[in-house]
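Take a look at the structure below.
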Amino acid sequence: MTCGDCTAPSGKNYSIDPAVNELLKKAEQEKILTAWDRYEQQRPLCGFGELGICCRNCLQGPCRINPFGEPKAGICGADADLIVARNLLRMVTGGSASHTDHAYSAIQCLRLITEGKAEYDLKGKDKIASVAAKLGITTHGKKDAEVAHEIAMTALQDFGNFTEEPMRWLRASAPAERVEVWKNLGVLPRNPDREMRTAMHKTAMGVDGSPLNLLLAAVKSGLIDGYAGLQMGTDIQDIIFGIPKPAKSAANLGVLERDKVNIIVHGHMPEVSDKVVEWAEKLEGDAKAAGAAGINVAGICCSGNEVLMRRGVPVAGNFLSQELAVITGAVDAMVVDVQCFMPSLPKVAACYHTKIITTQDIARLPDAEHISLTPENADSQAQKIIGAAIEAYKKRDARRVQIPAHKVEAWGGFSVEAIVGALAKVDPKNPLKPLVDNIVSGAIKGAVGVVGCNNVKVTQDAFHAELVKDLLAHDVLVVATGCSAQGLAKYGFLNPEGAKQYAGPGLLAVLTAVGEAAGLGGPLPPVLHMGSCVDNSRIGDLLSALAGYLKVSTKDLPVAASAPELQHEKAVSIGVWAVALGLLTHISLPPPVLGSSLVTKILTNDIEGLTGGKFYVEADPHKAAQGILSHIRHKRANLGI
Ligand code: SF4
Ligand code: MSK
């Protein structure tokens, strides 16, 4: 691929991130298109698509519904409600499939480790014990590897389950009260693969004609996402790579280093990113022999979150920063695995010396170098990746390097185990008590999980930052994952100084007391970084623990979720899982459902009567904060606190 056929420079200010805005000017000067330029080219977006009222499910179509008149039905008679419900189920199932396939890779990796066939160790011994306990696997007299093998096989049995029994992993992980609710709704998934197959079948031409039945199937797909994707993925990854602990690092494109070989890990699989970091450390000498001062690995998207959480690796940026990282001219290799890397990357990289390296056989990019990395060959392939990066470094053009100065201290690694560990320093016998006491007293009003992506339709990071500022100022504890956490990192929300800047007085007092007790010498960061997208299961675990302690349902807790800048269908499926858990789930950009008033009403209202949760759509961050605060006040009043 050659550079130079990009002709529509942007010149606009699309982000609140100064590093991104600086590099957008460089892109403009160098005539390189980014996602923002392509968005402008796409506008106006298709109204039928935005409303969800086009159908391509058979070859008689495509059909579309006119929201203002005729036609009101497709050729087969499917109306707007049916088409929207079918499309939504396919979207949620698509998100669940991504997370579940990601988790499946981790399970296979664990199985191969325990059979002595994979080039990884088992670093999360504590997690082996806790996962075995919840699954009812006995550990007495067994070696760790034996127990881990049983855990892997138990996970795989869920994928081979041909009975009507619900998934064992779900039953072992979700609160019993929720399992009962889902059972009564008939949405408990049995075998995730089977349910996803059925979802595709249900949505085919001439099968399920009931919007309500399809939406219940979407809830089932959301539960697959929550328990076969997020929960299995996180549990197994912790067993292989270790339970995250608080780690100090830095965020934004200023983490790139002019005199080092810069490697970006991007995507989602720690099997790749962790190995790259391991071999980057081991092969520093090779980089020095090539004239560099060493090797600097930084992360983008959830690969970045995984290695920040476990190895303190800095974050270069979130979803919309990926092309800009290449445009610095300082990235020698960008190593991708699955999900969220833009197909544009090789084209942008063709304007520089940067090597784009794909590593998974399901995810190839034309014009990228493919170094297939599997559990069995991870060491040799990671060495090849480092070698390719060093070779690319030798071709770097120093005159085209522009690394923005922006770089902010950021802490990651707040797993549930780490949070409980910090709280145990305050009350060793009853670690959750200090947190619950402060919620009851009102020092902390409630908690919100702010998660998800960037979306080119809204100014990068603006919604994350403005919403979180308001929540913190009103003494709401914020936990974050995914690209939201990385966005918040750039503005100081993940460092202890940020507590003084952003937290209300009650919250600041608690963050300070716990931070000092935990030996941090000051407050905890005001936003606790809980990890990657699959790590949203950690938020679920925290909610389950709090609900269990208070002996209430998760739907009764003074908590909420928000995915302010969601883009991926995975974010929609996570949202459905959150609604199934009983949470008010805020989004600023609705999925394509507005073409059906019935589906919209069910998702934003009626579903509350079934699960206790619902979607809340608000496009203004300050109004969204007010809506969430009002919900928290309402839940507190119901609890009598
Ligand atoms: Fe049209 Fe029905 Fe075919 Fe969809 S399934 S494309 S609405 S005929
Ligand atoms: S990477 S799914 S853009 S959060 Fe998990 Fe970020 Fe959203 Fe991808």
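The values are calculated or read from the model by the stated rules, or taken from the named source; none is laboratory data. Values in this document were obtained by computation on a predicted structure and should not be read as measured data. Cβ placement follows ideal geometry from the backbone for every residue including glycine, while neighbour counts extend to all protein chains displayed. These accessible areas exclude ligands, DNA and RNA; they are computed on the full protein's heavy atoms, side chains included. Shrake-Rupley method; radii C 1.70, N 1.55, O 1.52, S 1.80 Å.
Filter the stretch 67-94 for residues that are within 11 Å of ligand 1 (Cβ to nearest atom) and among the basic types (Lys, Arg) and give the result.
Arg86, the sole residue that qualifies.
Of all residues in the stretch 312-343, how many are within 20 Å of the chain's Cα centre (by Cα) and either within 13 Å of Ala250 (Cβ to Cβ) or β-branched (Val, Ile, Thr) (or both)?
Residues meeting the conditions: 9.
Here's the yes/no breakdown for (1) on the phi < 0 side of the Ramachandran plot; (2) touching a strand residue (DSSP E or B) at 6+ places or on another chain (Cβ under 7 Å); (3) within 16 Å of ligand 2 (Cβ to nearest atom):
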residue: Val534; (1), (2), (3): yes, no, yes
residue: Leu557; (1), (2), (3): yes, no, no
residue: Leu584; (1), (2), (3): yes, yes, no
residue: Ser596; (1), (2), (3): yes, no, no
residue: Gly609; (1), (2), (3): yes, no, no
residue: Gly613; (1), (2), (3): yes, yes, no
residue: Gly640; (1), (2), (3): no, no, no
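Has the stretch 114-122 got at least one residue that is basic (Lys, Arg), away from ligand 1 (no atom under 16 Å from the Cβ), part of a loop (DSSP other than H, G, I, E, B) and under 30 Å from Leu156 (Cα atoms)?
Yes, the stretch 114-122 contains at least one residue that is basic (Lys, Arg), away from ligand 1 (no atom under 16 Å from the Cβ), part of a loop (DSSP other than H, G, I, E, B) and under 30 Å from Leu156 (Cα atoms).
Starting from residues that are within 11 Å of ligand 2 (Cβ to nearest atom) and of a type outside the set (A, V, I, L, M), keep the ones in the stretch 460-492 and report whichever is surrounded by the fewest Cβ atoms within 10 Å (Cβ to Cβ).
Within the stretch 460-492, the match that is surrounded by the fewest Cβ atoms within 10 Å (Cβ to Cβ) is Thr481.
Exactly one of (1) out of contact with any helix residue (DSSP H, G or I) (no Cβ under 7 Å at 6 or more places or on another chain); (2) open to solvent by less than 10 Å² (accessible area, probe 1.4 Å) is unmet by Gly521. Its number?
Among (1) out of contact with any helix residue (DSSP H, G or I) (no Cβ under 7 Å at 6 or more places or on another chain); (2) open to solvent by less than 10 Å² (accessible area, probe 1.4 Å), Gly521 violates only (2).
Within the stretch 483-517, how many residues are basic (Lys, Arg) and within 20 Å of Leu566 (Cβ to Cβ)?
So the answer is 1.
Here's a check for you: in the stretch 156-166, which residue that is touching a residue at least 40 places away in the same chain (Cβ under 8 Å) and of a type in the set (A, V, I, L, M, F, W, C) is surrounded by the fewest Cβ atoms within 10 Å (Cβ to Cβ)?
Per the criteria, the residue is Leu156.
Could you check the stretch 77-113 and list, in sequence order, the residues that are open to solvent by 10 Å² or more (accessible area, probe 1.4 Å) and part of a loop (DSSP other than H, G, I, E, B)?
Gly77
Taking the condition open to solvent by 50 Å² or more (accessible area, probe 1.4 Å), in contact (Cβ under 8 Å) with a residue 24 or more places away in the chain and closer than 21 Å to Asn536 by Cβ, does Glu146 pass?
When the stated conditions are applied, Glu146 does not pass them.
Could you list, in sequence order, all residues of the stretch 167-187 that are of a type in the set (A, V, I, L, M, F, W, C) and either touching a residue at least 12 places away in the same chain (Cβ under 8 Å) or open to solvent by less than 10 Å² (accessible area, probe 1.4 Å) (or both)?
Met167, Trp169, Leu170, Ala172, Ala174, Val179, Val181, Trp182, Leu185, Val187, listed by residue number.
Considering only the stretch 40-50, I want to know if a residue exists there that is of a type outside the set (Ser, Thr, Tyr) and surrounded by 21 or more Cβ atoms within 10 Å (Cβ to Cβ).
no
Scan the stretch 444-459 residue by residue and report those that are among the β-branched types (Val, Ile, Thr) and within 12 Å of ligand 2 (Cβ to nearest atom).
Result: Val450, Val451, Val456.
May I ask you to say which residue of Ser249, Ser273 is modelled with pLDDT of 95 or more, part of a helix (DSSP H, G or I) and hydroxyl-bearing (Ser, Thr, Tyr)?
Going through Ser249, Ser273 in turn, just one is modelled with pLDDT of 95 or more, part of a helix (DSSP H, G or I) and hydroxyl-bearing (Ser, Thr, Tyr): Ser273.
Is one or more of the residues making up the stretch 488-511 in the same structural domain as Ala443 (by TED's automatic domain parsing), under 17 Å from the mean Cα position of the chain (by Cα) and part of a helix (DSSP H, G or I)?
Yes: one or more hits.
Kindly establish whether Arg364 is touching a Ser or Thr at 6+ places or on another chain (Cβ under 8 Å), outside the structural domain of Pro564 (by TED's automatic domain parsing) and open to solvent by 30 Å² or more (accessible area, probe 1.4 Å).
yes
Please name all residue pairs, on different chains or six or more residues apart, with Cβ atoms under 8 Å, provided the first residue is in the stretch 81-94 and is aliphatic (A, V, I, L, M) and the second residue is within 16 Å of ligand 2 (Cβ to nearest atom) and outside any helix (DSSP H, G or I).
That search, which allows pairs on different chains as well, returns Leu88/Pro591; Met91/Pro591.
Among the residues of the stretch 617-633 satisfying the criterion of being open to solvent by 50 Å² or more (accessible area, probe 1.4 Å) and not acidic (Asp, Glu), which is nearest to Val440 (Cα to Cα)?
Arg633
Just one of Met205, Met153 is in contact (Cβ under 8 Å) with a residue 12 or more places away in the chain and within 16 Å of ligand 1 (Cβ to nearest atom); which is it?
Met205
Of the residues Ala73, Ala106, Ala129, Ala118, which single one is in contact with a strand residue (DSSP E or B) (Cβ under 6 Å, 6 or more places away or on another chain) and on the phi < 0 side of the Ramachandran plot?
Unique residue meeting the criteria: Ala73.
Return the residues of the stretch 481-509 that are over 30 Å from Gln322 (Cβ atoms) and either at pLDDT below 95 or touching a Pro at 6+ places or on another chain (Cβ under 8 Å) (or both); say none if nothing qualifies.
Answer for the stretch 481-509, where residues must be over 30 Å from Gln322 (Cβ atoms) and either at pLDDT below 95 or touching a Pro at 6+ places or on another chain (Cβ under 8 Å) (or both): Lys500, Ala503, Leu507, Leu508.
Based on what the data block shows, is Asn262 away from ligand 2 (no atom under 16 Å from the Cβ) and either closer than 24 Å to Glu28 by Cα or surrounded by fewer than 24 Cβ atoms within 10 Å (Cβ to Cβ) (or both)?
Yes: the conditions hold for Asn262.
Would you confirm whether any residue within the stretch 561-578 is away from ligand 2 (no atom under 16 Å from the Cβ) and either in contact (Cβ under 8 Å) with a residue 40 or more places away in the chain or crowded, with 24+ Cβ neighbours inside 10 Å (or both)?
no
Mind checking whether some residue in the stretch 41-58 is in contact (Cβ under 8 Å) with a residue 40 or more places away in the chain and farther than 25 Å from Gln567 by Cβ?
Yes.
Scan the stretch 188-220 for residues that are among the β-branched types (Val, Ile, Thr) and either under 22 Å from Thr154 (Cβ atoms) or open to solvent by 40 Å² or more (accessible area, probe 1.4 Å) (or both) and jot them down.
Of everything in the stretch 188-220, those that are among the β-branched types (Val, Ile, Thr) and either under 22 Å from Thr154 (Cβ atoms) or open to solvent by 40 Å² or more (accessible area, probe 1.4 Å) (or both) turn out to be Thr198, Val207.
Considering Ala378, Ala330, Ala325, Ala382, which residue is in contact with a Phe, Trp or Tyr (Cβ under 6 Å, 6 or more places away or on another chain) and either closer than 30 Å to Trp411 by Cβ or among the acidic types (Asp, Glu) (or both)?
Ala382
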